[in-house]
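Enquirer: Before I ask anything, let me first share the structure, which is written out below as structure tokens.
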Amino acid sequence: MRSRIVHHGIRRRRARRRRALWTGGEVLVTVGVVLMLLVVHQLWWTNREAREGARRKVEALERQWGQEGEDLGTADGPTTGEGDSVTGSGKDSSTAAGSPRSGNSTRSQPSWSGAYAVLVIPRLHLRVPVAEGVGKQSVLNKGYVGHYPGTGQPGQVGNFALAGHRNTHGEPFRYLNRLEPGDTVRVETRSAVHTYAVDRTLRQTSARDSGVIRPVPRSSVHPSYGYTAPGWFLTLTTCTPEYTSRYRLVVWGVLVSTRPR
């Protein structure tokens, strides 16, 4: 009976193939674990860390304001007094967004580099710090909402424009699309509480649509969205669709009241 002869070269090639398959499998498993950890970090850890940091900052601001006990700000808008209100729809007329009864609405821009106000949106159960600038590392990735430099300040005539993450790093504007006309948005500073009412929403526009944050906000891409007359405006912007940064979602509000703290 003839014996089967197995060449050593064939054995070596088979062993190399097995080692290659085993090594490839290990690499794939390792890559999968690393990707899973990255996803967990982005979707869970950054949110947890940023939300906790933002919460502590809000508490620190409130303690600071309570200790000062007087108006030390330089950029708050006109004060109407307790019980007084600024009313209007924000539509196309010179008094549409309200007409403050007293105070100077042309005060200078702030020089603060940190958080200086608190944004409160009851419908979204949101209470988050507002800081100057829209840089990711310096502001947005901390879970803060950022103020567009060069736009108005709370309570001032013009456009108080803000940006915030929709996903990761605290995602304060995750559910911005849920706001409806009439919903209230408060901006609290050390000297006053400014209340805006949601008025209009632009569901999607270009990330370069700078018209939405102009003093009289009006989309450069969708001109039918926005305003044509001066007023007291609030603009909230975030990325859309979720988990992308291709477009922007824009929500506009108009000032309805200002009262001292």
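Read-outs throughout are calculated quantities, based only on the coordinates presented, and are distinct from any laboratory measurement. Predicted model only: the values in this text are computed from it and were never measured. Here the Cβ positions follow ideal geometry from the backbone for every residue, glycine too, while neighbour counts run over all protein chains shown.
Enquirer: Per 0.36 nm of contour for each residue apart, how much would the distance between Arg12 and Ser220 grow if the chain were fully extended, relative to their Cα-Cα spacing?
Expert: 68.1 nm
Enquirer: Which FRET efficiency value, to the nearest 0.05, is calculated for Lys136 and Ser210 with the Förster distance at 22 angstrom and r the Cβ-Cβ distance?
Expert: The value I calculate is 0.75.
Enquirer: Loop-only trypsin sites (Lys or Arg not before Pro) in segment 194-230, please: DSSP not H, G, I, E or B, and at most 16 other Cβ atoms within 10 Å.
Expert: For trypsin sites (Lys or Arg not before Pro) across segment 194-230 that sit outside H, G, I, E and B with at most 16 neighbouring Cβ atoms in 10 Å, the list reads Arg208.
Enquirer: Provide the gained length on full extension for the span Arg51 to Arg123, in nm with one decimal, where the gain is 0.36 nm per separating residue minus the Cα-Cα distance.
Expert: Fully extending the segment from Arg51 to Arg123 adds 24.1 nm.
Enquirer: List the residues, sorted by chain then number, that are 5 or more residues from Gly231 or on another chain and whose placed amide H is less than 5 Å from its amide H.
Expert: Gly158
Enquirer: Still on this structure, please answer the following. Between segment 162-178 and segment 198-260, what is the C-alpha centre distance in whole Å?
Expert: Cα centroid of segment 162-178 versus Cα centroid of segment 198-260: 15 Å apart.
Enquirer: Apply the a/c threshold of 1.5 to the C-alpha gyration tensor of segment 140-261 and tell me whether it is rounded, prolate or oblate. Intermediate results must be reported in sequence, preceding the final value.
Expert: Working: a/c = 1.69, a/b = 1.19, b/c = 1.42.
Oblate, since a/c reaches 1.5 and b/c is not below a/b.
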